[in-house]
Every structure is written in C-alpha cells, then in structure tokens.
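The values are calculated or read from the model by the stated rules, or taken from the named source; none is laboratory data. Note that this is a predicted model, so its numbers are computed, not measured. We place every Cβ from the backbone using ideal geometry, glycine too, and count neighbours over all the protein chains shown.
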C-alpha cells in the first residue's frame with residue numbers, strides 16, 4: 001500500500017533521555033507515577049516490537065536497551081532509519097507547532113527520502129503578525145495568509161484546542177473582528193483563543209480554497225474532549241458545503257463513527273484515524289474497521305499525526321498497513337469483498353484520495 005501521510009509533524013533533532021522520550025510517547029502532559037512507565041502501553045509495546053529491529057535490536061527489546069541504542073546511534077541516524085522504514089511517498093507537514101525543535105521541511109525530506117509539502121496552521125499565522133492595530137488586523141492577516149499559503153497544499157485550525165468545535169458556524173463581521181482584535185491586543189497578544197478571531201481565521205482559510213484540516217477528538221489535556229465531537233461542526237459543514245472547499249476531519253477517535261457519518265452525508269467532508277492508530281497499538285484493526293463502516297471509501301485518508309518521535313511516523317504507517325490488510329483480508333476471505341476491490345480501496349485510502357483532494 002503506497003502511503004501519503006496527509007497530516008503529521010516533524011521529528012525531534014536532539015538526543016532524548018528516558019523522561020523526554022516518554023513525554024513524547026503519550027498525549028498526557030504529566031509523567032507516569034513513580035515506578036511506572038509510559039512503555040507499559042499499547043504504543044510502548046509497539047515501539048519495542050516494531051521499532052527495535054529497525055535499530056538492530058531484537059523484537060520486544062527492553063526499554064533501557066532500546067533507549068541506549070537510540071542514544072548510541074544519535075538522533076540523525078535514528079530519524080533517518082525510522083522515517084525511511086515508514087516507506088511513505090509524501091508527508092504533508094504542519095510545522096506551526098514548536099517548529100524550532102523539529103526537522104523542518106527540507107530536513108524531513110532528506111531524512112525520509114520522501115517528498116514533503118506544507119500545511120499552514122492558521123493560528124500560528126495570526127500570532128506571528130508584526131505590530132498591528134485592531135482595525136488593521138483583518139487586512140494584515142489576509143496579506144500574511146496569502147504569503148503563507150503560496151507554497152502550501154492545505155490549511156489547518158486547532159479551534160478544538162483554543163475554544164471547542166461548538167463555535168458559531170457563520171463568519172463574523174469586519175466590525176466584530178476589529179473589536180475582538182482590540183481585546184486580544186489589549187491583553188498583550190497571548191495565545192489566540194478569542195472565538196470571534198478563531199472563526200475569522202477559519203473562514204479566511206475557507207476563502208483560500210485549499211483543503212481545511214480541523215483537529216477532532218483525541219489529543220492532549222489542553223483540550224476539552226467533550227467539545228471535540230465532530231457532530232458539533234454540523235452547522236459549519238452546512239455553511240461550507242457549497243464553497244468548493246474540502247474539510248478534513250483529523251484523528252476523530254473516539255468519535256470516528258460520528259465523523260464517518262458526516263463524511264457519508266456531506267460531500268466535502270473527509271476523515272482519518274491518525275494519532276489513534278499508534279496509541280491503540282494491537283487494537284488498530286478494530287479502529288480501522290470502524291473507520292470503514294459508514295464513510296465512503298473515497299472519503300477516508302491515511303495520516304499518522306506523528307510528532308517528535310520518528311517512531312510514530314514509522315509505526316503509523318506500519319500499523320495502518322497491517323490493520324488495513326487484516327480487516328480487508330478477512331472480508332475477502334469471507335467472500336464479502338473481492339481481492340481486486342480491496343486493492344483498489346487500499347490505493348484510494350493510502351494515497352489516491354490525498355492526491356485528488358490536495359491536488360498533489
């Protein structure tokens with residue numbers, strides 16, 4: 001199965017001690033209790049089983065042996081081995097989060113031996129604006145966004161983290177934007193979480209005509225999961241369905257069945273189960289099977305949402321390929337699908353849908 005990872009981040013460039021490695025192997029923002037380890041998880045077991053051989057260790061290597069080998073090889077070699085083992089043809093990279101700590105686009109391409117294209121994080125563009133007035137915020141953002149998307153293939157919003165998916169679905173007026181910008185500027189330009197400005201950013205993204213990625217569901221505790229159910233986007237999806245813009249619902253777990261419904265009924269909605277596939281480990285076939293229940297097969301894409309650890313880029317691709325083969329192979333053996341149809345759907349989900357939607 002050829003893969004295009006339609007949403008991920010870069011890998012860290014610095015050596016990692018155990019605490020730092022474990023912090024990147026969980027969505028929690030706190031360490032495990034004393035005497036416990038994040039290696040005791042589905043993801044931790046998957047790292048020891050599938051990544052250890054890439055680093056010349058036996059499968060199921062002890063965590064200390066694994067981390068020692070990682071340090072021995074060095075970050076650059078670890079990244080090169082694991083990214084190339086993923087065997088991904090193209091990575092669509094959101095570099096708007098902690099960019100100085102990660103491989104940038106050219107570095108990622110060189111390490112992986114693959115193409116890399118950019119996804120613009122809308123909130124990062126707004127927060128990077130130079131000195132601006134409240135009245136001039138909208139025009140300054142428009143100019144900065146035009147520049148940012150010139151070489152990008154999509155845009156992304158993390159409104160799920162900054163507010164929730166239960167935002168007003170309609171674009172704010174210019175006066176509302178100016179007032180909200182004034183409030184934000186008077187607060188000293190902190191993290192942008194004003195719901196009016198977030199709506200403005202999303203609609204500014206819609207106006208650019210590129211696929212719009214939205215974080216949905218599972219993530220770190222900075223979000224309120226109850227407000228990340230994609231069904232809360234129904235009004236926004238109704239408002240955008242005639243705008244010729246694809247809306248990409250990222251991750252979706254544990255709401256991947258709700259997301260599948262939205263992809264079923266709205267022609268411009270697409271889904272993936274990135275991030276979750278890594279964290280559920282041996283249970284990945286169950287999640288992948290559920291993602292294929294209701295969503296049309298031309299609406300499902302592959303992503304890893306890997307961040308920081310090159311292990312996550314490798315495992316995301318490996319686990320997805322394995323899970324897809326397990327699930328569809330079972331349907332073929334049961335006579336429910338033909339082998340030719342399974343191969344064709346694999347081509348669509350793995351790379352064909354991304355090529356079409358992102359115009360790659």
Q: Name every residue in segment 142-180 that is in contact (Cβ under 8 Å) with a residue 60 or more places away in the chain, in contact with a helix residue (DSSP H, G or I) (Cβ under 7 Å, 6 or more places away or on another chain), closer than 23 Å to residue 244 by Cβ and crowded, with 16+ Cβ neighbours inside 10 Å, in order of residue number.
A: 145, 156, 165, 167, 169
Q.
Can you say whether residue 34 is more than 30 Å from residue 348 (Cβ to Cβ), free of Cβ contacts under 8 Å to residues at least 12 places away in the same chain, surrounded by fewer than 20 Cβ atoms within 10 Å (Cβ to Cβ) and over 25 Å from the mean Cα position of the chain (by Cα), as far as the supplied structure shows?
A. yes
Q) Taking into account only those residues within segment 131-141 that are touching a residue at least 24 places away in the same chain (Cβ under 8 Å) and part of a loop (DSSP other than H, G, I, E, B), which is surrounded by the fewest Cβ atoms within 10 Å (Cβ to Cβ)? A) 133
Q) Between residues in segment 238-266 that are touching a residue at least 60 places away in the same chain (Cβ under 8 Å) and residues that are surrounded by 15 or more Cβ atoms within 10 Å (Cβ to Cβ) and part of a helix (DSSP H, G or I), which pairs lie under 8 Å by C-beta distance while being six or more apart or on different chains? A) 246/357; 248/357
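Rundown of residues vs (1) touching a strand residue (DSSP E or B) at 6+ places or on another chain (Cβ under 8 Å); (2) buried (at least 22 other Cβ atoms within 10 Å of the Cβ); (3) part of a loop (DSSP other than H, G, I, E, B), yes/no style:
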position: 257; (1), (2), (3): no, no, no
position: 260; (1), (2), (3): yes, yes, no
position: 267; (1), (2), (3): no, no, yes
position: 315; (1), (2), (3): no, yes, no
position: 327; (1), (2), (3): no, no, no
position: 330; (1), (2), (3): no, no, no
Q: Considering only segment 84-130, state which residues are assigned to a loop (DSSP other than H, G, I, E, B) and either buried (at least 18 other Cβ atoms within 10 Å of the Cβ) or in contact (Cβ under 8 Å) with a residue 40 or more places away in the chain (or both).
A: 87, 88, 89, 95, 96, 97, 103, 104, 114
Q. Going through segment 280-310 one residue at a time, which ones are in contact with a strand residue (DSSP E or B) (Cβ under 9 Å, 6 or more places away or on another chain) and crowded, with 22+ Cβ neighbours inside 10 Å?
A. 291, 295, 299, 300, 301, 302, 303, 304, 305, 306, 309, 310
Q) Does segment 218-227 contain at least one residue that is under 17 Å from the mean Cα position of the chain (by Cα), outside any loop (DSSP other than H, G, I, E, B) and at pLDDT 95 or above? A) yes
